[in-house]
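K.L.:
What follows is a single structure, and I will ask about it in a moment.
Just so it is clear, none of the values below were taken in a lab; they were calculated from the coordinates. Bear in mind that the values here come from a model prediction, so they are computed numbers and not experimental data. When we count neighbours, we look across all protein chains shown, and the Cβ atoms used for this are built from the backbone with ideal geometry, even at glycine.
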Amino acid sequence: MNKQQGNFFSDTLVMTKRSIVTILRNPLIFIPNLAISMFFLFVYEAGLSGIANLPAFEGANYLAFILPVSIVSAAIGGAGGAGQALVKDLDNGFFSRLLLTPSSRLAIVLGPIIAGMLQLVIQAGLIICVGFFLGLEVAGGAWGVVVVLLLTLGWGLAFAGYSVGVALRAKNAQSAQAGTFIFFPLIFLSTTFVPYELIDAAWLKVAATINPVTYLFEAMRTVLIDGFTDTWPIVLGFIVIAVLCAITITFSAVSAKKAVSTD
Amino acid sequence: MNGAIHVENAVKTFKGDIKAVRGVSFDIAEGEFFAFLGPNGAGKSTTVQLLTTLLKPTSGKLEVAGYDVSKDPEKVRLSIGVALQETGIDPDLKGRELLEFQARLFGFTKKEAKKRADELLELVGLTEDADRLSGKYSGGMRRRLDLAMTLVHQPKILFLDEPTTGLDPANRKAIWREIKRLNKEEGTTIFLTTQYLEEADQLADRISIINKGQIVATGTPAELKRTLGLDAVVLQFDEEEDAVKAQQAVASPDYQTERVKNDITILTENGTSILADVIRKLDEQNLHPAQLNVKPPSLDDVFIQVTNEQKEGDSIE
C-alpha cells in the first residue's frame, strides 16, 4: 500500500470534517451558544432601542445598529469553542497523534479554526433571521446580508485562530478560558452601544480607534444602515479583518509547532 | 529509506536545566526488536519523543529510517508508526472513523482508507465494535484501536512507548502477539520501551537498560544475564550446624558464599561448572545437603544490579 505526504487541501478538509462531526456530537455545547447570542439581540433591542431617537443616529434603525454587536459577541461561544476543542485534543493525546501524521501543522490547526468559523457564520445567519423577525431592514439588501456574513466569516477565522493559539500555549482548559477574556475589551472598548460621536470619555475614544473590532462594527453597520453608498468603511473592515486573520492563524500554526513537548 | 535507527550522543535538556537524556548512543538494525528498559523517569519516553519528531534534541545526531529527525521530520513521520504511552484517541469519533481519518492523513484515497480500516479492525478484533464511539471502549479496546491507528500506513519502524502499561494479562498477551508477528512476519523494526523486565525478556532481540538519562548496559537478554547476573547455587541443610561446616568446606577465592541459617548461597558466574567441585568438597567432610538448586539469573537481578551500581556511583559524586 502506498503512503505519501497528504496534500494540504485534502488534509485541511479531512481535519475540518472531523472537527464538525465532534461539534455536532456535542449539542449541549453548541445549542446554548446559539441561544445566548439571540438572547442578547432581544435584550439590546428591548432595552436600548430608545437611544436611536438621538440626533447622532440620524434616524437609523437601532436594531440594524446593534445587530453587529450580537454577531461579533457570538464568536466567544462559536469560534471560541475551537480553542476548547483543541484543549480536549491535547488532554486525550489525540493532538500528539495528529502531529505524528505527515500533514502540515497549518492544516492541523485549520481544522478546528474553520469548524469554529462555520459555527459562527451559522449563528450569524440565525441572528439575522431573528433580526428580520423583529423588524430589521437592511439597506444593502440581499448583497448587504452577504457582506455581513463575509465579514463574520473573517471575524470567525480570526477569533478561532486566536483561541486555538492560546489553547496550544496554555495547554489546559482554565488558562485557555482565561485567554478568551481579551474578548471583553475587544467588544466593549468600541462603538458598541452608541456611534463614535456619542462616546463621552476621551480614553474610550482612543481605545475604540485602535480596537480592530470598531472597524468591523463600522463595516457591518454601513451595509446594514446606509447600503453601498459609501464603500470605504466596508473595504477598511475587510482589510482590518484580513490582517487580523493573518496574525492569529500564524500565531496558532507557530504554537502548534511549539506545543509538541510534554515538558 | 531503510528501517534502521542511528543515535549518536543524544542530549535533551528541558527548561530549568532538567537533563532528561544525557548523551545516549545506540544503533538499531532494520528488522530488529529493540527494547529500552528502565524505571519511571529514566528518559525512555523523552528518547521516543526525540526519535519521533515530537521533541527537538538539545544536541546529538538522531537518524530514523535514514533521515535526520531535525532536518527531515516529515520524511521520518512517513516511515514510522508511534503508539505513545497515552493513547491518542478522540472519544467523539467511532473506531472505524478514526482509522479512516488516520489513513486519509497518510495520503490514502477515501476508498483505500475504507479498505484499510476494515483490515485493521479485523486484525485487532474490533470489527464488531467499529461503529461505536471510541469513548465508550474499554481500556484494552482503546489500546488495540490505538495500535491499529499506528499501523495504518504500514510503517517500517514501530515505536511503542510502554504499550501494555495498565493492561490486564489477556490484553497484554494480545498486544505481545501482534507486535511479535509484525516483527517476525513483516520485518518491522521495533523500538519498545517498558518498565517490565518480563516484557523485554520475552520480546526483544536486544535490550538497553536506561537509568537517569543514560544507557547503563546493552546486550541480548542472555548476554545481559551472563555478563551481569550471577548464577546462584543454593544448598539447604537440615541442621544449622552442618550449614556452618559446609560453608567452611566449600569456601573458595573464586566465588562468594553467604549463609542464612540453614541455607548457603554461592554466587558464581557459571553455577553448573563448580557443582562437581562443591559436591566433592562436601563429600570429603561427609556433609549431605537436603536440597541443592542452581538458579540462573533473572533479568530482574541484572536490572537491580545495574541501577544500584549507578546509585552508588551517584553518591560518590
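K.L.:
Return the long-range amide H neighbours of B:ASN211 (sequence gap of 5 or more, or a different chain), with a cut-off of under 5 Å between placed amide H atoms.
P.N.:
For B:ASN211, whose amide H was placed from the backbone, the distant partners under 5 Å are B:VAL216.
K.L.:
What list of ³J(HN,Hα) couplings, whole Hz, do you get for segment B:75-82 from phi and the Karplus terms 6.51, -1.76, 1.60, once you set θ to phi - 60° and write x for glycine and proline?
P.N.:
Each residue's phi maps through the Karplus curve to give 5, 4, 4, 6, 8, 10, x, 10 Hz.
K.L.:
Quick one: helix B:95-105 against the long Cα principal axis of chain B, what's the angle to the nearest 10°, folded into 0 to 90?
P.N.:
Helix B:95-105 sits at roughly 70 degrees to that axis.
K.L.:
Now for a separate question. Calculate, axis by axis, the spread of Cα positions in the protein assembly as shown along the three principal axes, and write the results as whole Å, longest axis first.
P.N.:
Taking max minus min along each principal axis of the Cα atoms, the protein assembly as shown gives 123, 52, 42 Å.
K.L.:
Under 5 Å between amide hydrogens, which residues at least 5 positions from B:THR58 or on another chain qualify, with H placed 1.01 Å from N in the peptide plane?
P.N.:
Long-range HN contacts for B:THR58: B:VAL11, B:LYS12, B:THR13.
K.L.:
Go ahead and collect, in residue order, the members of segment A:103-122 whose backbone nitrogen is under 16 Å from a label point 7 Å along the Cα-Cβ direction of A:PHE8.
P.N.:
A:103-111, A:114
K.L.:
Taking chain A as the reference, fit the longest principal axis to its C-alpha atoms, fit the long axis of helix A:141-170 to the helix C-alpha atoms, and give the angle between the two in degrees, 0 to 90, nearest 10.
P.N.:
Orientation of helix A:141-170: about 40 degrees from the principal axis.
K.L.:
Counting DSSP beta bridges in the protein assembly as shown, what percent are antiparallel, to the nearest 5? Don't skip to the end; give the middle numbers.
P.N.:
Details: 37 of 55 bridges.
Approximately 65 percent, going by the DSSP bridge assignments.
K.L.:
What net charge do the residues around B:SER134 carry, taking every other residue with its C-beta under 13 Å from that of B:SER134, with Lys and Arg at +1 and Asp and Glu at -1?
P.N.:
So the surrounding residues net to +3.
K.L.:
Something else: Among B:THR268, B:LEU230, B:PHE101, which residue has its Cα furthest toward the positive end of the charge dipole of chain B, with +1 on Lys/Arg Cβ and -1 on Asp/Glu Cβ?
P.N.:
B:PHE101
K.L.:
With θ taken as phi - 60° and the coefficients 6.51, -1.76 and 1.60, list the Karplus ³J(HN,Hα) couplings across segment A:109-122 in order, rounded to whole Hz; mark glycine and proline as x.
P.N.:
Coupling constants for segment A:109-122: 7, 5, x, x, 5, 5, 4, x, 4, 4, 4, 5, 5, 5 Hz.
K.L.:
Also, I was wondering about something else. Could you tell me the center-to-center distance, by alpha carbons, between segment A:174-204 and segment A:153-167 in angstrom?
P.N.:
The distance from the Cα centre of segment A:174-204 to that of segment A:153-167 comes to 17 Å.
K.L.:
Continuing with this model, one more query. Report, in deg cm²/dmol and to the nearest 500, the calculated mean residue ellipticity at 222 nm for chain B, where each DSSP H run with n ≥ 4 adds -39500 (n - 2.57) and the sum is divided by the residue count.
P.N.:
Numbers: 11 runs with 129 residues, N = 317.
After summing the helix terms and dividing by the residues of chain B, the value is -12500 deg cm²/dmol.
K.L.:
Using only the Cα atoms of segment B:5-226, what do you get for the radius of gyration and for Dmax, in Å?
P.N.:
Both quantities, over Cα of segment B:5-226: 17.3, 53 Å.
K.L.:
Round to the nearest 0.05 the FRET efficiency obtained for A:TRP232 and A:ARG25 when R0 = 41 Å and r is the Cβ-Cβ distance.
P.N.:
Efficiency for this residue pair is about 0.40.
K.L.:
Further question on the same structure: Add -39500 (n - 2.57) for each DSSP H run of 4 or more in chain A, then divide by its residues: what number comes out at 222 nm, to the nearest 500 deg cm²/dmol?
P.N.:
-23500 deg cm²/dmol
K.L.:
Which listed residue (A:SER190, A:SER175, A:ILE210) has the Cα farthest towards the positive end of the charge dipole for segment A:123-263, taking +1 on Lys and Arg C-beta and -1 on Asp and Glu C-beta about the Cα centre?
P.N.:
Projecting each Cα onto the dipole axis, the largest value belongs to A:SER175.
K.L.:
Follow-up. In the neighborhood of A:THR101, defined by Cβ-to-Cβ distances under 9 Å, what is the net charge if each Lys or Arg adds +1 and each Asp or Glu adds -1?
P.N.:
In short, +1.
K.L.:
If you average 1/r across every pair of different Cα atoms in segment A:8-258 and take the reciprocal, what Kirkwood value do you get, in Å?
P.N.:
After inverting the mean inverse Cα-Cα distance, the result is 18.5 Å.
K.L.:
Shifting gears a bit: Mind checking which of B:GLY31, B:GLY60, B:ILE89 is farthest towards the positive end of segment B:1-129's charge dipole, using Cβ charges of +1 (Lys, Arg) and -1 (Asp, Glu) about the Cα centre?
P.N.:
The residue sitting farthest along the positive end of the dipole is B:GLY60.
K.L.:
Quote the charge dipole size of segment B:248-306 about the Cα centre in Debye, to the nearest 20; the model charges only the Cβ of Lys and Arg (+1) and of Asp and Glu (-1).
P.N.:
For segment B:248-306, the charge dipole is close to 180 debye.
K.L.:
Mean-square fluctuation check for chain A, GNM, Cα pairs under 10 Å: which of A:ALA158, A:ALA35, A:ALA107 is largest?
P.N.:
Maximum fluctuation in the GNM of chain A, among the listed residues, is at A:ALA35.
K.L.:
Same structure, new question: Under 19 Å from a label point 7 Å along Cα→Cβ of A:ASP91: give me every residue in segment A:174-210 with its amide N that close.
P.N.:
Answer for this model: A:174-181.
K.L.:
Would you grab the residues whose amide H sits under 5 Å from the one on A:ALA79? Only those 5+ places off in sequence or on another chain, please, with H modelled 1.01 Å from N.
P.N.:
For A:ALA79, the qualifying residues are A:LEU120.
K.L.:
Under unit Cβ charges (Lys, Arg +1; Asp, Glu -1), what dipole magnitude, rounded to 20 debye, does the protein assembly as shown have relative to its Cα centre?
P.N.:
Working: 54 positive and 64 negative charges, 369 e Å.
Dipole magnitude for the protein assembly as shown comes out near 1780 debye.
K.L.:
Hey, what do the phi angles of segment A:68-79 turn into as Karplus ³J(HN,Hα) couplings, whole Hz, using 6.51/-1.76/1.60 and θ = phi - 60°, x for Gly and Pro?
P.N.:
Those phi angles translate into x, 5, 4, 5, 5, 6, 5, 4, 4, x, x, 5 Hz.
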